[in-house]
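The values are calculated or read from the model by the stated rules, or taken from the named source; none is laboratory data. Owing to the predicted nature of the structure, the values given are computational and were not obtained by experimental measurement. Positions of Cβ are generated from backbone atoms using ideal geometry, with glycine treated the same way; all protein chains shown enter the neighbour counts. Side chains are part of the model used for accessible areas, which takes the heavy atoms of the whole protein and leaves out ligands, DNA and RNA. Shrake-Rupley method; radii C 1.70, N 1.55, O 1.52, S 1.80 Å.
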Amino acid sequence: MDKVTRLASEKGVVIFSKSSCCLCYAVNILFQELGVSPTVHEIDQDPDGREMEKALLRLGCNAPVPAVFIGGKLVGSTNEVMSRHLSGSLIPLLKPYQQTLS
């Protein structure tokens with residue numbers, strides 16, 4: 001769990017993902033469309049991936065991937081991210097991490 005917690009707090013927006021997960025891809029694209037470049041950790045390509053998956057479930061993720069952290073805090077999986085986006089509460093969370101366009 002220490003590795004997950006450390007990685008989740010190293011950058012502003014972090015997604016724990018699997019390379020074959022279409023929902024992970026969709027969440028990543030959503031953030032990019034909103035002007036955020038998330039750090040993505042593909043747990044299926046990490047030697048500690050199985051332990052990381054268990055740690056994400058212990059932290060409260062209802063599905064191990066995608067697991068989204070903003071500002072080091074767990075937001076949740078696809079359902080939570082999309083619910084926040086539709087209710088208008090996602091963009092304020094992302095504001096500090098949005099890239100400014102020249």
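Annotations
- Percent carbon-and-sulfur accessible area, the chain, ignoring ligands, DNA and RNA, probe 1.4 Å: 52
- Local charge for Gly60 was computed over the other residues whose Cβ lies under 14 Å away, with Lys and Arg +1 and Asp and Glu -1, and equals +1.
- Among the cysteines of the chain, those whose beta-carbon sits 4.7 Å or more from every other cysteine beta-carbon are Cys22, Cys61.
- For the chain, a Kirkwood radius taken over Cα pairs fed into Stokes-Einstein (4 °C, viscosity 1.567 mPa s) yields D = 96 µm²/s.
- Phi angles of the range 4-18 translate, via the Karplus equation with coefficients 6.51, -1.76, 1.60 and θ = phi - 60°, into HN-Hα couplings of 4, 4, 5, 4, 5, 9, 6, 10, x, 10, 10, 10, 8, 9, 10 Hz per residue; Gly and Pro are given as x.
- Per residue, the solvent-accessible area of the chain (1.4 Å probe, heavy atoms of protein chains only, all protein chains present) comes to 58 Å².
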